[in-house]
Protein chains: 4
Amino acid sequence: MADPTQDSRAWWRTSIIDIEPGRIDIRGYPIQDLIGRLDFVEMIWLMVAGEKLAPGRRDLLQAALVAAVDHGPLAPSISIARMAATCGVGLNSAMASAINVLGDVHGGAGQECLTIYAAVDERQQAGMAIPDAVEQVLRPYLDKRRNIPGFGHRFHKRDPRAVKLLALTEAAAARDEVSGRFVAIGRGIEAWLGDQKKTVLPMNIDGATAVIFAELGVPPELGRGLFVLSRSVGILAHAWEQTQQGGRIKGPVPPAVGYTYEGPQNKTDE
Amino acid sequence: MADPTQDSRAWWRTSIIDIEPGRIDIRGYPIQDLIGRLDFVEMIWLMVAGEKLAPGRRDLLQAALVAAVDHGPLAPSISIARMAATCGVGLNSAMASAINVLGDVHGGAGQECLTIYAAVDERQQAGMAIPDAVEQVLRPYLDKRRNIPGFGHRFHKRDPRAVKLLALTEAAAARDEVSGRFVAIGRGIEAWLGDQKKTVLPMNIDGATAVIFAELGVPPELGRGLFVLSRSVGILAHAWEQTQQGGRIKGPVPPAVGYTYEGPQNKTDE
Amino acid sequence: MADPTQDSRAWWRTSIIDIEPGRIDIRGYPIQDLIGRLDFVEMIWLMVAGEKLAPGRRDLLQAALVAAVDHGPLAPSISIARMAATCGVGLNSAMASAINVLGDVHGGAGQECLTIYAAVDERQQAGMAIPDAVEQVLRPYLDKRRNIPGFGHRFHKRDPRAVKLLALTEAAAARDEVSGRFVAIGRGIEAWLGDQKKTVLPMNIDGATAVIFAELGVPPELGRGLFVLSRSVGILAHAWEQTQQGGRIKGPVPPAVGYTYEGPQNKTDE
Amino acid sequence: MADPTQDSRAWWRTSIIDIEPGRIDIRGYPIQDLIGRLDFVEMIWLMVAGEKLAPGRRDLLQAALVAAVDHGPLAPSISIARMAATCGVGLNSAMASAINVLGDVHGGAGQECLTIYAAVDERQQAGMAIPDAVEQVLRPYLDKRRNIPGFGHRFHKRDPRAVKLLALTEAAAARDEVSGRFVAIGRGIEAWLGDQKKTVLPMNIDGATAVIFAELGVPPELGRGLFVLSRSVGILAHAWEQTQQGGRIKGPVPPAVGYTYEGPQNKTDE
């Protein structure tokens, strides 16, 4: 019969961190050897992927995380953080309520992009030309009138963040720091969408960060996690700013504006 | 009478980000000028503090954020992230449930340290010697048998993270990158506690990151927010690892171990 | 051009509650006419569904909500609540971290049951016999080796909660308070599963509450919401109890038991 | 040496629920004896307090929970739930983000009321007249210009919910179902505030539910938990309604209204 202590000790197992009194090793490295040597992005990668990150690839990850930190107080995640900050909860809770809504729709676009890029890449690696691979993967989206994440933007005709990220990635590919396969796929999707929709739908921040994550081998679900880390910065900044501005139990619109009631009137309870 | 559109537009106001179609400025800087130029830590500082960060000060902030990312799967925040990952919610939700508990006790130690350091510093700036200032600020803690955050550790006699962080901070002070005032205060508290308690209570990770935050002028509440950003990395890494390990609706201990019921038995409902 | 005040006032619209100074109407009823007249379950239904609930149907909903409140400290949602309560956050935050994980796997079983029951019911209403309808809906689950929610239980051979709920529902059907269609479907699925798997897989709490929700016309996603309301009670009770027991930053297992590290050792950072 | 299995089994202990295969007892009662016998409020009380609730007292708790379910889409908790519902997260997560902000300010007013009532009651039980007890407890609030929770309301001159709750409580006291001590204290505070502030500050929903909780012996922190259970109903109803209305990544104000940027312009990154 198994030793129950052994069973309990094996219930939680990890390859990330080893802790003994006076010793903390991260992925096998004594933590004091990493502090002051790794930057925060290198540490993020070591923690989630378990590897060191070559400088050129680190710079791309840095750029992606920098680019996605914020999109203003009308984004639900940011708005939630600001309202929470007026409700007498700590910054940790304001941040939690906010990052919680970076779900399939608000934060998951990048995750779905990664899935699409991987599907195109799989076909390309098997010999298909990119335009045909894109057609095969994206035709069902158009047929079912499904939103294609990563391209176009409700607000920006051209997303300045995506333009810069793609340029940095192309330069890194030119230096052989990344393969460049996914830049080509992203460009291929842009071109195909332009033909299909008779309008330009340039890559947006989700599509561009997904190109970088794909170049680095980040699986789709983890891509969402990295986006959350990035957006947490904007969430913290806005929650903190709101704390400084004051306000108490602040709702979404001024009280004088109010809301519309469209339900029944004058019901009696019999 | 005020223009109500103007009132609604002024309901949410910020100095962090300015967005127009095709333009995103962070603290006045076009974001494409920051992507590929600022690293993630410089971006964090620009977002929360609104300023650029000198390289030496950036390196200290980097070190603090790297040092605090994780303390293993028995920390409630990490454990919550791992259990949540087995419940069919996205990484964003696993992360949210986890960072939510970095409250006064689990994550707020650094925040309280900052308050203590500020109180000692205030007295020191007014002419009091550090030992006297420390005595004045911390005597009430001892009298009320209150836990003094930042010093001592349930597990580590000497916290390797704190040792390294203090060394880096002292070196930065020697280069005039920071004042060094708070290193002296931290050392002063260590010494005073040693006298009072007849046992060594060296600075721990909370006390050491608080020294760095204090040197950088970070207010206490924001110190907690920065700790949350750091710990989010460990939370993401563990949630992601658990996703890869599998497990479905995983509880805290193995089912075979169970829990202890200590309530009434055999009640009938009359 | 539209009046922008009007646009802002129309941005949030609801049929649930109408508030003017001194007046609060819920679905058209002055709230003071409901307080002391409706019980909490009748209020829940009025709020979510906008209708009054006949007494027999209210009693079934009451039974479902009572039955699902708790399944002990090894359930992740309950464990998270207890650990959070030791971290210096308020009960609201302990509850939030916990209910957040009642997702597709931990709390969504009932939602998926409702979808299955609706699919069987649709076919039955179109003239198909229940066994054939069940075969058509559930065969793909077996083929893809997918878990069928609502039947069987990791722990209970016979779930005492499901037995009672089904009995109450059958009695209500006998009194014409509900149609009884979904009791028949639930029984039909039990029978079919018994044939397929050569083992008894009786309905569990998720399957039984889903029968009641289906009889009441509750859509699947809302069924998950009602389960969350119910489980919130257990979450609150356990968080409160843990607060009374004490404990500070309590992890999933005793420190002496620890966890298993299975990653690399002795790495040097070059 | 202690048996480590025993240690692990004793790590989590509870008096709430006892689970064996085929058996679930709540506070010692087989759950199937409670389903169909206890209403939801009686179950809530049994779970959190461990006792049965006499019918008159149950009716008061029922009334309090019914009264506090909602205060409209401009309340941050409700607004957060609605915005979250447009972000592709499940109802459980929309609810979690929302209840998380029922903190010291937004949901904790009732908790602070309970503390105030207890302080007045302590003095009254020791022989002090209510007006003197109120003066002693509340004078420091006025001196420090602190908000006194439970009385007055930003929106309602007279809160219809509080009027009804107090009437029900007075009637219950007349029937000896509760002592009525806290109704007297509440009235005493109303009177004292009227004298001090030269304006009427009638009891609001927080003050009135706190009277009921105090009559039932609910400790302050648990009072907040019960308020959260109640408000969860409004949160669920609004999140569900928003799901039905549609909307995708919906922010706090219409995009055409926007927000005000008040930060620096035209910075260059040197």
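Nothing in this text is a laboratory measurement; each read-out follows from the coordinates by a stated rule. Since we're looking at a predicted model, the values are computed, not measured. Using ideal geometry, Cβ is built from the backbone for each residue, glycine included, and neighbour counts are taken over all protein chains shown.
For B:GLU20 and A:ALA129, the FRET efficiency from 1/(1 + (r/R0)^6), where r spans their Cβ atoms and R0 equals 45 Å, is about 0.70. What percent do you get for the relative contact order of region B:69-251 when only Cα pairs under 8 Å and 6+ apart count? For region B:69-251, the relative contact order is 39 percent. Measuring from centroid to centroid over Cα atoms, what is the spacing of region C:218-270 and region A:51-102 in Å? The distance from the Cα centre of region C:218-270 to that of region A:51-102 comes to 24 Å.
For B:ILE17, the residues whose amide H sits under 5 Å from its own are B:ARG27, ignoring neighbours fewer than 5 places away on the same chain, with H placed 1.01 Å from N. Could you tell me what % of all Cα pairs in region C:169-270 have separations over 18 Å? Distances greater than 18 Å cover 70 percent of the Cα pairs. Only helices enter this figure: runs of n ≥ 4 DSSP H residues, each worth -39500 (n - 2.57), summed and divided by the residues of chain C, yield -18000 deg cm²/dmol at 222 nm to the nearest 500.
Using a Förster distance of 25 Å, how high is the FRET efficiency between C:GLU51 and D:ARG158, based on the Cβ-Cβ distance and rounded to 0.05? After rounding, the FRET efficiency stands at 0.30.
Simple spin-label estimate for C:ARG175 and A:ARG248 gives 5.0 nm between the two label positions (7 Å along the Cα-to-Cβ direction from each Cα). Filter B:LYS267/C:LYS52; A:LYS52/B:LYS164; B:LYS250/C:LYS157; B:LYS250/D:LYS250 down to the pairs with a C-alpha to C-alpha distance above 27 Å, please. From the list (B:LYS267/C:LYS52; A:LYS52/B:LYS164; B:LYS250/C:LYS157; B:LYS250/D:LYS250), the Cα-Cα distance tops 27 Å for B:LYS267/C:LYS52; B:LYS250/D:LYS250. Near B:TYR141: Cβ cut-off under 13 Å, other residues only, Lys/Arg at +1 and Asp/Glu at -1. The net charge is +2. Remark: spin-label model distance D:ALA119-B:ASN266 equals 4.8 nm, labels positioned 7 Å along the Cα→Cβ axis. Each listed q (0.06, 0.07, 0.10 Å⁻¹) maps to a log10 I(q)/I(0) for the protein assembly as shown from the Debye sum over equal C-alpha point scatterers, namely -0.47, -0.65, -1.38. In a DSSP loop and with at most 16 other Cβ atoms within 10 Å, the trypsin sites (Lys or Arg not before Pro) in region C:106-211 are C:LYS144, C:ARG145, C:ARG146, C:ARG154, C:LYS157, C:ARG158, C:ARG175, C:LYS198. Taking only the Cα atoms of region A:100-186, the ratio Rg/Rh comes out at 0.99, with Rh defined as the Kirkwood radius.
Between copies, the label points of D:ALA129, set 7 Å from Cα on the Cα→Cβ line, lie 5.7, 8.5, 9.8 nm apart, reported in increasing order to one decimal in nanometres.
Amide H contacts for D:GLY108 (H built 1.01 Å from N in the peptide plane; partners 5 or more residues away or on another chain; cut-off under 5 Å): D:GLY103. Couplings 3J(HN,Hα) for region D:177-182, derived from phi with the Karplus relation 6.51 cos²θ - 1.76 cosθ + 1.60 (θ = phi - 60°), are 7, 9, 6, x, 4, 7 Hz, where x marks Gly and Pro. Shown here is the pair-distance distribution of region B:177-235: with all Cα-Cα distances grouped in 10 Å bins from zero up to the longest one, the shares run 22, 43, 29, 7 percent. Over region A:139-222, the ratio between the Cα radius of gyration and 2.2 N^0.38 Å evaluates to 1.10.
In order along region D:13-29, phi translates into HN-Hα couplings of 9, 8, 9, 8, 9, 10, 10, 10, x, x, 9, 9, 10, 9, 6, x, 9 Hz, rounded to whole numbers, per the Karplus curve 6.51 cos²θ - 1.76 cosθ + 1.60 with θ = phi - 60° and x for Gly and Pro.
First select every other residue whose beta carbon is under 15 angstrom from the beta carbon of B:ALA96; then total the charges, Lys and Arg +1, Asp and Glu -1.
Details: positive: A:ARG224, A:ARG231, B:ARG82, B:ARG231; negative: A:ASP104.
Here the count lands on +3.
Its residues counted as N, region D:1-73 yields a C-alpha radius of gyration over 2.2 N^0.38 Å of 1.54.
Ranked from shortest, the separations from the 7 Å Cα-to-Cβ label point of C:ALA10 to its equivalents in the other copies are 2.6, 6.5, 6.7 nm.
If you take the square roots of the eigenvalues of the alpha-carbon gyration tensor of chain C and sort them as a ≥ b ≥ c, do you get rounded (a/c under 1.5), prolate (a/b over b/c) or oblate? Please list the in-between numbers first.
Details: a/c = 1.70, a/b = 1.07, b/c = 1.60.
Since a/c reaches 1.5 but b/c is at least a/b, the shape of chain C is classed as oblate.
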